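Heads up, the thing below is written out as structure tokens.
The values are calculated or read from the model by the stated rules, or taken from the named source; none is laboratory data. Note that the structure is predicted; figures quoted are calculated from it, not measured. Cβ coordinates were reconstructed from backbone atoms using ideal geometry, including for glycine residues, and neighbour counts include every protein chain displayed.
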Amino acid sequence: MIRPALEVAVESTSQALTAREAGADRVELCSALDVGGITPSIGAVEALVAAGVPAHVLIRCRPGDFLYTEDELDVMVRDITAIVAAGADGVVLGALRSDGGIDETATQRLVAAAHQGARAITPYITFHRAIDHSADPVRAAAELGRLGVDRVLTSGGRASVAAGLRDGIIEQMTRSAGSVEVMAGGGATVEDVPALVRCRVAAVHFSARGRASPAPSQRLSVPLGPSDGHRAPTSTDPHLVRAMADALDSR
């Protein structure tokens, strides 16, 4: 069986370099992973490209649901144009309708923006975990290929990859997706690897997050927001990345 690729979600170039050195094949660059990720700054994208790390960039203008207004779609089109022009290898996007189906019009608009802004290479298009909030992830996966999507990130419509495996949804999605690669992500662990390999997923995605301890002088005595408090900055744990890479290598 072909070894699934390993993708690590990161928030900075330093985290990306840590992930790569520990065995990640590529990274997904995001901001604010604590809320599921939003689009990072163009400066963060440019820094990652300059470092030579294969990067796919999240396109999500806000936390919350995946039903977007025209104004929000316009923002994401602008983000995609700038990010692709900066040299990103791919973008990670998605949109839903209020009935839980894929918003085909919005998705095609975002995909078109990526293709129109491309330079030498066509950017890779990943449909993110909006699919896990769809009414029928298996059916939705079957629709993505004709929308110009290359890959889909999913936990099988469940709270974790383990649950998506247990309920058989991830395996069904690998069968329904056709030419679209299925990348398993959402609480993925080393223990999930054997079952994921049997399902023939193309890649495994996880964040490998640790917590960096800030210097005492940097501890915030006054929260800057309702969820801020004394939360320490995040880091990428190279031991977690290496353990996952080793598990995939020894599948």
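Given (1) surrounded by fewer than 15 Cβ atoms within 10 Å (Cβ to Cβ); (2) on the phi > 0 side of the Ramachandran plot; (3) touching a residue at least 24 places away in the same chain (Cβ under 8 Å), identify the lone condition not met by Asp65.
(2)
Whether any residue in the range 172-182 is acidic (Asp, Glu), modelled with pLDDT of 95 or more and in contact with a helix residue (DSSP H, G or I) (Cβ under 7 Å, 6 or more places away or on another chain) is what I want to check.
Let us first name the residues in the range 172-182 that are acidic (Asp, Glu), namely 181.
With modelled with pLDDT of 95 or more added as a condition, the list becomes 181.
Retained after the next criterion (residues that are in contact with a helix residue (DSSP H, G or I) (Cβ under 7 Å, 6 or more places away or on another chain)): none.
Scanning the range 172-182 turns up no residue that is acidic (Asp, Glu), modelled with pLDDT of 95 or more and in contact with a helix residue (DSSP H, G or I) (Cβ under 7 Å, 6 or more places away or on another chain).
Might you let me know whether the range 101-115 holds any residue that is in a loop (DSSP other than H, G, I, E, B) and more than 16 Å from Gly156 (Cβ to Cβ)? Before you say what the answer is, go through the steps one by one.
Just the residues of the range 101-115 that are in a loop (DSSP other than H, G, I, E, B), to begin with: 101, 103.
From what's left, more than 16 Å from Gly156 (Cβ to Cβ): 101, 103.
Looking through the range 101-115, at least one residue is in a loop (DSSP other than H, G, I, E, B) and more than 16 Å from Gly156 (Cβ to Cβ).
Is it fair to say Asp79 is in contact with a Ser or Thr (Cβ under 8 Å, 6 or more places away or on another chain), crowded, with 17+ Cβ neighbours inside 10 Å and touching a residue at least 40 places away in the same chain (Cβ under 8 Å)?
Values: in contact with a Ser or Thr (Cβ under 8 Å, 6 or more places away or on another chain): yes; crowded, with 17+ Cβ neighbours inside 10 Å: yes; touching a residue at least 40 places away in the same chain (Cβ under 8 Å): yes.
Considered against the rule, which asks whether it is in contact with a Ser or Thr (Cβ under 8 Å, 6 or more places away or on another chain), crowded, with 17+ Cβ neighbours inside 10 Å and touching a residue at least 40 places away in the same chain (Cβ under 8 Å), Asp79 comes out as yes.
For the range 2-24, which positions are of a type in the set (A, V, I, L, M) and either buried (at least 21 other Cβ atoms within 10 Å of the Cβ) or over 11 Å from Leu248 (Cβ atoms) (or both)?
Our first condition is that a residue be of a type in the set (A, V, I, L, M); within the range 2-24, this holds for 2, 5-6, 8-10, 16-17, 19, 22, 24.
Scanning the range 2-24 gives Leu6, Val8, Ala9, Val10, Ala16, Leu17, Ala19, Ala22, Ala24.
For Asp192, state whether it is in contact with a Gly (Cβ under 8 Å, 6 or more places away or on another chain) and at pLDDT 95 or above.
It is false that Asp192 is in contact with a Gly (Cβ under 8 Å, 6 or more places away or on another chain) and at pLDDT 95 or above.
Given the structure, is Leu6 in contact (Cβ under 8 Å) with a residue 60 or more places away in the chain and outside any loop (DSSP other than H, G, I, E, B)?
Values: in contact (Cβ under 8 Å) with a residue 60 or more places away in the chain: yes; outside any loop (DSSP other than H, G, I, E, B): yes.
Taking the combined requirement at face value, the residue satisfies it.
Free of Cβ contacts under 8 Å to residues at least 40 places away in the same chain, over 29 Å from Ser14 (Cβ atoms) and within 16 Å of the chain's Cα centre (by Cα): which single residue out of Gly145, Gly157, Gly164 fits that description? Walk me through how you get there before you give the answer.
Values: Gly145 fails: within 16 Å of the chain's Cα centre (by Cα); Gly164 fails: within 16 Å of the chain's Cα centre (by Cα).
Exactly one residue qualifies, and that residue is Gly157.
May I ask you to say which residue of Ala88, Ala47 is at pLDDT 95 or above and either under 30 Å from Val138 (Cβ atoms) or in contact with a Pro (Cβ under 9 Å, 6 or more places away or on another chain) (or both)?
On the way: Ala47 fails: either under 30 Å from Val138 (Cβ atoms) or in contact with a Pro (Cβ under 9 Å, 6 or more places away or on another chain) (or both).
Among Ala88, Ala47, only Ala88 is at pLDDT 95 or above and either under 30 Å from Val138 (Cβ atoms) or in contact with a Pro (Cβ under 9 Å, 6 or more places away or on another chain) (or both).
Residue check: is Ala88 surrounded by 23 or more Cβ atoms within 10 Å (Cβ to Cβ) and in contact with a Phe, Trp or Tyr (Cβ under 7 Å, 6 or more places away or on another chain)?
So Ala88 fails the test.
Quick check on the range 116-130: of everything there that is within 14 Å of Leu93 (Cα to Cα) and either of a type in the set (Asp, Glu) or not in a helix (DSSP H, G or I) (or both), which residue is nearest to the chain's Cα centre (by Cα)? Show your work before the answer.
Going through the range 116-130, the residues within 14 Å of Leu93 (Cα to Cα) turn out to be 123-130.
Restricting the remaining residues to those that are either of a type in the set (Asp, Glu) or not in a helix (DSSP H, G or I) (or both) gives 123-128.
Details: Pro123: 15, Tyr124: 12, Ile125: 11, Thr126: 8, Phe127: 8, His128: 6 Å.
Checking each candidate, the answer is His128.
Counting just the residues of the range 38-52 that are surrounded by fewer than 22 Cβ atoms within 10 Å (Cβ to Cβ) and not aliphatic (A, V, I, L, M), which one comes out nearest to the chain's Cα centre (by Cα)?
Ser41
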